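The values are calculated or read from the model by the stated rules, or taken from the named source; none is laboratory data. All values derive from a computational prediction rather than experimental measurement. Cβ coordinates were reconstructed from backbone atoms using ideal geometry, including for glycine residues, and neighbour counts include every protein chain displayed.
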Amino acid sequence: MCTVHTPHVTILRIADEFTSTDSLSKSMTDASTDTNRTSRPLPVTEAADIAEAILDNVQRVIVGNRTEIEHIVVALFADGHVLVEDVPGVGKTMLARALAASIDCSFKRVQFTPDLLPSDVTGVNVFNQKTREFDFQPGPVFANVVLGDEINRAPPKTQSALLEAMEERQVTTDGTTRELPDPFTVIATQNDVEPGRTYELPLAEIDRFMKKIRLGYPSTTEETALLERVSGTHPIDTIDAVVSTANLLRARNTVGAVDVSEPVRAYIAALVEYTRNHAALGVSPRGSIALMRGAQARAILDGRDYAVPDDVQTEAKTVLSHRIRSDSGGDPGESIVERALESVPVE
Amino acid sequence: MSVRAIFSRVARSRSTEPDADAVAGVFRPPAIGVVALLVATLSVFYSVTGIVGGTWRLTVVLVIAIFAATITGRTVSLRTGLILSGVLLCLGFGTYLLAIPASQRSLFTLDRVLTDTASLLTGFSVLRLTAARIWAISIAPVPTFLTWYLLVRGRDVLATAAAGSTLLFFVLTGDAGFLVTAVGIAGAAIAVSFRTAAGGLRAHWDTTATVVLAALLLSATVTVVPGGATQPLFADRDAVDSEANLVASEEELAVVGSIELSPEVRFTVESEEEAYWRTASYDRYTGDGWVRTGESTAYDGPLSGPPGESRELTQRIRAESTMTALPAAWRPERVSGVEDRTQVTETGDLQLGEPIAAGDEYVVVSQRPDADSDELQAAGTAYPAEIRSRYTQLPETTPDRVGAFTADLTEDDETPYEVAQTVETYLRTEREYSLSVTRPEGDIADAFLFEMDAGYCTYYATTMVTMLRTQGIPARFVTGYSQGQQVDDDTWVVRGQNAHAWVEVYFPGHGWIAFEPTPRGAYDDARDSRLSEARQSGSEGVDTEESAAAAADTQPEFGDTEDAETSDSEAEASETDTDIEANGSTDTNATNGSVPSGALGGQPDRGSVETVGDQFATPGTTGSSQGPDDGGIPTETYGLLGMGLLGAAIGARRLGYTARGYRLLWVRHQWGDRSPAADVERAVDRLETALALRYRPRRTGETMRTYLASVRPGDDRLDHIRVTYERARYGTQIDRMTADAVVDDVDGLVRELVSIRSLFGR
């Protein structure tokens, strides 16, 4: 069964999921117990504090890259997934692990390889000799934070298994649909070297990532500090969770309540419209919704309960760029977004 | 949709001109300009008919033309419309040719027509056409029809071209004055700019205004036709030489304000008797000047003399300076010495094709009318039709009171001769002679008769001709020189200041007889004092040897000698009873003889040929109405001021001063209370404007936060303002107190940021 949800519906569904605790109970432990409290938004300042705490915690592991970490936290708060694209070894996996460790939640990692099967991601039914029944063995996707490493190395069939889970927040195996835990955030990494041995993600699927970010190499100073930090015990082993899953969910509700006034909404629409007029394929409505969600989360990080155009501008590049297909030989998505930011007037 | 259909649609949308078969109607912005241009052009036609008559008929014809153009414009294709206009033009010309008197029509050859067209285009006013009335009525519908037709079809540029070329024609003929030209050019500029800037007019208004302004300035300062009727508005008009205007002017002559006297010697005459040395006559009165209609032909053998009795007078004239006219006593019959360059006008005047140099001599044999007053009394009123139609015509604008007054004045007179004498006497005695006058607005004759106390010969002569014409008596305006200083029994020295204007009245059987409405006593006094002044100051060219000797012999005042001479000749004249002479001086005698000379206090006629050439500037310019002692502010000063202000406004806008100045004012005031959020937004707008004046404007796509941080990083007040602004604009409502605090903050910041220097940039 494949239900097609509009992005809108997806967002609205968040609240519903908390009521259907039965389906969650199998895989979730914490969140299901106090469903009623999770739906209550945190005050803005507390939500901002949570974000700050996560950031600081991750920074204990990752040197530098504060901006990128903020982006990931924004995605976490906005209930989005992140695609990290970069060369190997710049700390993509470490970042995801540190983030998962900062939240009191489950973390799973899938290393995508060309021979990875969809069931390796979603899980399989195994025949239980004792009960004479098929037991479902959940795949790595059943976790709060899933790291899909080098997602572009797996064949499209496997990719789409993960991507379906991302969009639908449920997994269907052998006709049985199982809800994924909440929160559910996928951090996928993508290797942009060795392009010959990769399966490029289709646009329809890449669109499901709220953001695509690049980490980049650390500066010399940062690298020096990094080396000093990992010389003893690796810091990833020492950090503790700073936020409960319940509070994260409440913070997400705070994000949803952030006021996006008409001028800001119009601004988002104008930006998106610009990309549609200046590229072969512009940003979809899913993209504009993601941008608004990002702006809302960004406002929380800044301690506000309303979004300003600056939030939109900060988010636009990571949220919009990867959704744009330029004409052959045309400008890449980043520069189109840059130009949109320069030329669309801010009211 | 087929490929072809798409293609044709694209092609049509790219073409700037409308579809050839589309009807655009006249209710569009460019129509304003086209209509203004058309009105300016038609006003020239109306000014022509205003002078020569036919205004009512012209209106009817134009209304028909516009009506026809509206209908054909909606039904007939462009090509057919153009052909129709061509047919209309041919019809118009045909009508005009048929209206020309048969005697002249025979002269029309292709060669002749081409020459005429060329001369029209070099400043030959259409008023000089003999059948100007028919011309105006038959030709005016053509550009009207064509322009309106094209306008209806939406061909604004072509319509502008049609009306504009007609106006250009009038500029070249000199009939379009400054105002008309300016309005027309402005109209054309507006039409074309509205056309090309359609949709974006607001953005282009200053460019459009610049174009219009440039056109106005050009039309005001540059004259296309050298010596044409349209004087540049700002030309140096003080330097008008009086003589040049009266005598040297060729076919047109405008009445001007104050004039000066030039004491330089022009020529000497050897003649058995003195005479008014006539140079030209004018038949068409325009209300503010005179025009001679008709053509000139080369001198070709002896001319016919006057119809009645005459006596021959041979004059040998030596030019003392370069001369462009051929002064001679009326009526010249034969010319020798310069016959190869002599031309004869339809009025019988001699003209000089090329100037003659100082020292050149020529001989003119004239037949002077020799009729006494009894004969003139008996002459009757059987005027030839051509004379009557040509010499009794007055502008339609001539006030009725001129005719009424003249009728009253001459109530008791029974013959034209008596009427002429009454009018002559009236003017001589009831008006003061003065060279310093303010040129009146409107009709000269009316003004001189009812408003002015004083004037000089031009005013007297103009008024007399007008008065006589109101009574149906053919009369014309004549210019030339008075007899000058007599230095020997048969020699006269004539100076520039002797330039004069007088009147000729037609008597059947006798021809043109001169009358002198100017009081000669005062006329002479003015010239004598000017001459002695010039002599004392040692000016050159004031005297020939003879005249210097004569002056030394007698007294410094040559007028005495002259007086003596005059009395003699007057005595002679009365003895011989030849009252009426063709020439001015004799004519004067004649009038004296018939009117008790006591009325003029002695010798009214004597010696007073006007020395000063009256200035006859070219007619028709609004500017020429300026007298030096004119108290009011002249019209063109307003025009100039208006253009200056408009130019300054455009310049200020172009340089950004208006916007800056406005912002400078705007930025300092909160202008009233609204909701707290609106107040904050307004305050931040002001702040942004102030910052833009001081630093740089906010870029497109730059948020307020980024902008503030970039122009004034680390300013706490700005941060506070910014946070409140964001909350007011994008977030929840703010309270009044916060808003007022922000407004106060902004006030303080704006005061710091903006000073008057900001107006002129940093």
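Cβ-Cβ distances below 6 Å connect the following pairs, each with a first residue in the range B:48-74 that is of a type in the set (K, R), a second residue that is buried (at least 22 other Cβ atoms within 10 Å of the Cβ), and a separation of six or more residues or different chains: B:R57/B:I137. Select from the range A:288-347 the residues that are basic (K, R) and either more than 26 Å from A:E52 (Cα to Cα) or surrounded by fewer than 24 Cβ atoms within 10 Å (Cβ to Cβ) (or both) and list them in ascending order. Hits for the range A:288-347 are A:R304, A:K317, A:R323, A:R325, A:R339. Taking the conditions (1) in contact (Cβ under 8 Å) with a residue 12 or more places away in the chain; (2) away from every other protein chain (no Cβ under 14 Å) in turn, A:R276 satisfies each one other than (1). Residues that are among the β-branched types (V, I, T) and not in a strand (DSSP E or B) are absent from the range B:502-514.
If you check B:Q367, B:Q351, B:Q343 for being in the same structural domain as B:A445 (by TED's automatic domain parsing), within 33 Å of the chain's Cα centre (by Cα), part of a strand (DSSP E or B) and surrounded by 18 or more Cβ atoms within 10 Å (Cβ to Cβ), only one passes: B:Q351.
Contact map, the range A:188-207: first residue assigned by TED's automatic domain parsing to the domain that holds A:A143, second residue among the β-branched types (V, I, T) and assigned to a helix (DSSP H, G or I), Cβ cut-off under 6 Å, separation 6 or more or different chains; pairs are A:A188/A:I151; A:Q190/A:I151. Quick check on A:V264: is it at the interface with chain B (Cβ under 10 Å from one of its Cβ atoms), in contact with a Pro (Cβ under 9 Å, 6 or more places away or on another chain) and not in a helix (DSSP H, G or I)? So A:V264 fails the test. Suppose we keep only residues that are crowded, with 24+ Cβ neighbours inside 10 Å and small (G, A, S) within the range B:448-487. Which one would you say is farthest from B:R316 (Cα to Cα)? Here the residue is B:G455.
Residues that are under 19 Å from A:I206 (Cα atoms), aliphatic (A, V, I, L, M) and assigned to a loop (DSSP other than H, G, I, E, B) do not occur anywhere in the range A:89-110. Screening B:L218, B:L172 for residues that are under 13 Å from the mean Cα position of the chain (by Cα), at pLDDT 65 or above and surrounded by fewer than 19 Cβ atoms within 10 Å (Cβ to Cβ) leaves exactly one candidate, B:L172.
Here the condition is being within 17 Å of the chain's Cα centre (by Cα) and touching a residue at least 60 places away in the same chain (Cβ under 8 Å); of A:V74, A:V44, it holds for A:V74 alone. With the structure loaded, tell me whether A:T233 is surrounded by 15 or more Cβ atoms within 10 Å (Cβ to Cβ), more than 14 Å from chain B (Cβ to nearest Cβ) and either in contact with a His (Cβ under 7 Å, 6 or more places away or on another chain) or without any contact (Cβ under 8 Å) to a residue 12 or more places away in the chain (or both) or whether it fails that test. Against the criterion (surrounded by 15 or more Cβ atoms within 10 Å (Cβ to Cβ), more than 14 Å from chain B (Cβ to nearest Cβ) and either in contact with a His (Cβ under 7 Å, 6 or more places away or on another chain) or without any contact (Cβ under 8 Å) to a residue 12 or more places away in the chain (or both)), A:T233 does not qualify. No other residue among B:A68, B:A99 is of a type in the set (A, V, I, L, M) and under 11 Å from B:T144 (Cα atoms) apart from B:A68. Here A:V337 passes the criteria (1) within 24 Å of B:E688 (Cβ to Cβ); (2) within 13 Å of chain B (Cβ to nearest Cβ); (3) not acidic (D, E) except the one numbered (1). If you go through the range B:732-742 and pick out every residue that is touching a helix residue (DSSP H, G or I) at 6+ places or on another chain (Cβ under 9 Å) and assigned to a loop (DSSP other than H, G, I, E, B), you end up with 3.
In the range B:683-692, of all residues being away from chain A (no Cβ under 14 Å) and in contact (Cβ under 8 Å) with a residue 40 or more places away in the chain, the one that is farthest from A:E342 (Cα to Cα) corresponds to B:A683. The set of residues in the range A:88-142 being among the small types (G, A, S) and under 14 Å from A:A188 (Cα atoms) consists of A:G91, A:A96, A:A100.
If you go through the range B:693-719 and keep only what is facing chain A (nearest Cβ under 7 Å) and surrounded by fewer than 14 Cβ atoms within 10 Å (Cβ to Cβ), you end up with just B:T700.
For the range A:299-334, enumerate the residues that are β-branched (V, I, T), more than 14 Å from chain B (Cβ to nearest Cβ) and in a helix (DSSP H, G or I). Residues satisfying the conditions are A:T318, A:V319. Among the residues of the range B:724-738, just one is free of Cβ contacts under 8 Å to residues at least 40 places away in the same chain and more than 9 Å from chain A (Cβ to nearest Cβ), namely B:M737.
Of all residues in the range A:86-133, those satisfying the criterion of being of a type outside the set (A, V, I, L, M), buried (at least 17 other Cβ atoms within 10 Å of the Cβ) and out of contact with any strand residue (DSSP E or B) (no Cβ under 8 Å at 6 or more places or on another chain) are A:G91, A:P118.
Quick check on the range A:61-70. Is at least one of its residues touching a Leu at 6+ places or on another chain (Cβ under 7 Å) and in a strand (DSSP E or B)?
No: zero hits.
Can you confirm whether the range A:71-85 contains a residue that is of a type outside the set (A, V, I, L, M) and part of a helix (DSSP H, G or I)? Taking every residue of the range A:71-85 in turn, at least one turns out to be of a type outside the set (A, V, I, L, M) and part of a helix (DSSP H, G or I).
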